[in-house]
Amino acid sequence: MSLFYISPIYWMLVTALKSDHELSQFPPTLWSHDPVWSNFEQATKTFPFLTFLGNTILYAALVMAGSVLSNFVIAYGFSRIKWPGRDILFYPVVASIFIFIQFPVNPITMVPMFALFAKVGMVNSYLPLVVPTFFGNPFFVFLLRQFMLQIPADISEAARIDGANEFQIMFRIILPLARPALVVVALFAGVGAWNDFLGPLIYLHNDKLYTLSLGLTYFKTMHGIQFNLLMAASCLVVLPVVVVFLFFHRFFIEGVTLGGGK
Amino acid sequence: MTMKLRHHRGVAKDIRSLLLGLLFISPWIFGFFLFLAYPVFSNFHLGMTEYSGFGEPEWIGLKNYQELFHDSLFWTSLCNTFYYVILAVPLGVVVAIVLALAMNQRVREVSTYRALLYIPSIAPTFALSMMLIWILNPRYGLFNYILGFLHIPAINWLGDTRFSKLAIVLVAQFGAGQIALIFLAALRAIPPHLYDAASLDGAGAWRKFWYITLPLLTPTILYDIIIGVGLGLQVFVPAYIMTDGGPLNSTMFTALYIYKNAFEYGRVGFAAAVSGLLFLINATVAVITFWSSRYWVNYNLE
């Protein structure tokens with residue numbers, strides 16, 4: 001079963017290393033007999049790889065910053081302070097997750113949002129993709145709230161008695177304690193931006209601004225697709241995600257469990 | 001007198017904590033209204049205009065909805081989307097539970113297996129879709145080659161209307177690793193003494209699964225169904241990349257239809273009308289699923 005699941009990634013790598021000749025053999029060779037490493041070099045020449053890589057890194061970094069900052073503050077308000085109506089106002093957060101798990105760009109809201117961003121002249125920039133992430137994401141709010149509810153209330157209470165104000169408690173006491181959950185949000189947000197296709201497709205019209213996800217469409221030409229080069233480029237796009245996962249796999253796995261636990 | 005004073009102090013404190021709470025969640029309030037509530041309502045407003053994306057929207061009342069009603073491609077897209085959801089969501093639940101049971105085995109290499117199952121679910125869908133075009137290639141593809149061993153003749157997966165939707169369903173299954181981990185956590189939370197008691201009563205593995213494991217997984221199944229329906233009704237990327245809606249519109253899903261109308265045909269008002277309907281459908285299905293959960297979800301022993 002594991003073999004089945006990893007097969008597309010394996011096949012991506014094997015195909016990337018095949019020559020045009022080996023590519024058109026049937027039955028397909030299950031590993032490349034004469035690996036053509038230059039496919040990678042040629043793939044990066046088919047589209048402005050470094051520009052797109054830089055754009056994608058910048059996009060992911062901004063989304064990570066916005067997501068960590070905004071969702072931490074919002075989830076703090078939903079978990080560490082007692083106020084009347086708090087738990088009622090949390091219902092719309094949960095309800096939003098179920099329809100808008102793809103956030104902020106999804107097929108239901110994309111048409112009016114595009115019209116709005118077009119009106120204020122923000123189309124063809126990263127603003128429509130990045131700005132919303134600074135205003136909270138229901139799934140991340142849920143995940144962080146779950147985590148911060150587990151931190152004993154006494155810790156905040158003790159600091160309040162010592163005269164600390166809410167912002168001091170948030171940044172000096174809760175922030176360090178919530179760090180594992182914030183790493184999870186940063187990772188999910190970063191990978192989400194890296195993997196985003198629909199957002200860049202709609203909002204980025206100038207090829208200097210393209211992300212790697214749009215870059216892969218360069219391999220689909222009128223003459224068909226050169227699969228070995230496309231797969232070489234795909235490997236380069238997938239590789240960072242796999243590396244990040246291997247480094248932080250504990251956070252990914254705990255994050256998924258935390259986000260799904262109810 | 002003192003009672004009254006104390007009461008006043010209590011109210012003042014409540015108001016202060018309310019304002020403080022609202023201050024902290026204010027980015028969400030702003031985000032909720034601007035990025036969710038506004039576009040949802042705007043869909044219905046914009047849906048009553050004719051708008052090409054340039055100039056000003058022109059008010060035409062319910063004309064888009066009338067047109068939509070007689071538009072066979074809209075109905076095709078809706079049928080395709082439901083076909084996809086009805087196939088992909090239950091299959092996704094079964095696959096995720098099977099994966100979770102497999103990951104729950106006590107073998108030494110389990111963390112490696114877990115990683116291998118999980119990685120495709122965080123790999124970008126657009127890259128997996130591109131990969132699947134090649135794996136499903138009718139002449140050179142790996143998939144048909146493997147099916148050849150079972151004496152199944154070559155299938156033109158993405159070029160045959162009978163199989164194209166199945167191919168898109170297949171892509172979604174590679175994302176099952178994520179939800180499988182949630183099922184795994186639910187499996188681990190089941191108290192072992194339940195199984196011990198069942199063993200004493202002479203229950204076999206299948207009866208234990210059916211009467212203990214499955215009922216205790218129902219809250220996770222509910223979560224999976226609701227998320228899966230939301231993602232399924234809005235499926236876009238695999239169809240856009242692998243088939244662009246073809247062949248013969250067999251993978252023209254509603255989300256793709258919205259995209260094409262708004263961004264390729266310049267029918268923004270019409271696309272907004274479709275988006276509004278898609279929202280209503282999604283919300284209705286989610287509410288019905290929740291409502292039905294009281295009859296089949298087991299919240300005891302949480």
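Just wondering, is there one or more residues in region A:169-179 that are in contact (Cβ under 8 Å) with a residue 24 or more places away in the chain, within 29 Å of B:Ala123 (Cα to Cα) and touching a Phe, Trp or Tyr at 6+ places or on another chain (Cβ under 7 Å)?
Checked region A:169-179: at least one residue is in contact (Cβ under 8 Å) with a residue 24 or more places away in the chain, within 29 Å of B:Ala123 (Cα to Cα) and touching a Phe, Trp or Tyr at 6+ places or on another chain (Cβ under 7 Å).
Rundown of residues vs (1) touching a Gly at 6+ places or on another chain (Cβ under 7 Å); (2) surrounded by 14 or more Cβ atoms within 10 Å (Cβ to Cβ); (3) closer than 22 Å to B:Ile168 by Cβ, yes/no style:
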residue	(1), (2), (3)
B:Ala272	yes, yes, no
B:Leu278	no, yes, yes
B:Ala283	no, yes, no
B:Trp291	no, no, no
B:Arg294	no, no, no
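Under the condition of being part of a helix (DSSP H, G or I) and surrounded by fewer than 17 Cβ atoms within 10 Å (Cβ to Cβ), which residue from region A:117-152 is farthest from the other protein chains (Cβ to nearest Cβ)?
Step one: of region A:117-152, the residues part of a helix (DSSP H, G or I) are A:117-119, A:127-135, A:138-149.
Retained after the next criterion (residues that are surrounded by fewer than 17 Cβ atoms within 10 Å (Cβ to Cβ)): A:118-119, A:127, A:149.
Working: A:Ala118: 7, A:Lys119: 10, A:Leu127: 13, A:Leu149: 15 Å.
Here the residue is A:Leu149.
Only residues that are modelled with pLDDT of 90 or more and facing chain B (nearest Cβ under 8 Å): list them for region A:228-251, please.
A:Leu230, A:Met231, A:Ser234, A:Val237, A:Val238, A:Val241, A:Val242, A:Phe245, A:Leu246 - these are the residues of region A:228-251 that are modelled with pLDDT of 90 or more and facing chain B (nearest Cβ under 8 Å).
Residues that are surrounded by 17 or more Cβ atoms within 10 Å (Cβ to Cβ) and over 22 Å from the mean Cα position of the chain (by Cα): find the helices (runs of 4 or more DSSP H) completely inside region A:5-96 holding 3 or more of those. Working first, answer last.
Values: elements: A:20-23, A:38-46, A:49-79.
Because the criterion is at least 3 residues that are surrounded by 17 or more Cβ atoms within 10 Å (Cβ to Cβ) and over 22 Å from the mean Cα position of the chain (by Cα), the helices (runs of 4 or more DSSP H) in region A:5-96 that meet it are A:38-46, A:49-79.
Which ranges mark the helices (runs of 4 or more DSSP H) fully within region B:197-264 that have 3 or more residues being among the hydrophobic types (A, V, I, L, M, F, W, C)? Break it down stepwise before answering.
Details: elements: B:205-208, B:214-233, B:237-242, B:254-259.
So the answer is B:214-233, B:237-242, B:254-259.
What number of residues within region A:24-41 are away from chain B (no Cβ under 14 Å), out of contact with any helix residue (DSSP H, G or I) (no Cβ under 6 Å at 6 or more places or on another chain) and either over 30 Å from B:Asn144 (Cβ atoms) or not β-branched (Val, Ile, Thr) (or both)?
Total satisfying the criteria: 6.
What about A:Phe167, is it part of a helix (DSSP H, G or I), touching a Leu at 6+ places or on another chain (Cβ under 8 Å) and within 12 Å of chain B (Cβ to nearest Cβ)?
Details: part of a helix (DSSP H, G or I): yes; touching a Leu at 6+ places or on another chain (Cβ under 8 Å): no; within 12 Å of chain B (Cβ to nearest Cβ): yes.
Spelling it out, it is not the case that A:Phe167 is part of a helix (DSSP H, G or I), touching a Leu at 6+ places or on another chain (Cβ under 8 Å) and within 12 Å of chain B (Cβ to nearest Cβ).
Looking at B:Glu50, B:Glu56, B:Glu67, can you tell me which residue is without any contact (Cβ under 8 Å) to a residue 40 or more places away in the chain and among the charged types (D, E, K, R)?
Every option except B:Glu56 fails the conditions.
The values are calculated or read from the model by the stated rules, or taken from the named source; none is laboratory data. Since the structure is predicted, the reported quantities are computational estimates derived from the model, not experimental observations. Glycine also receives a Cβ, built like all others from the backbone with ideal geometry; neighbour counts cover every protein chain displayed.
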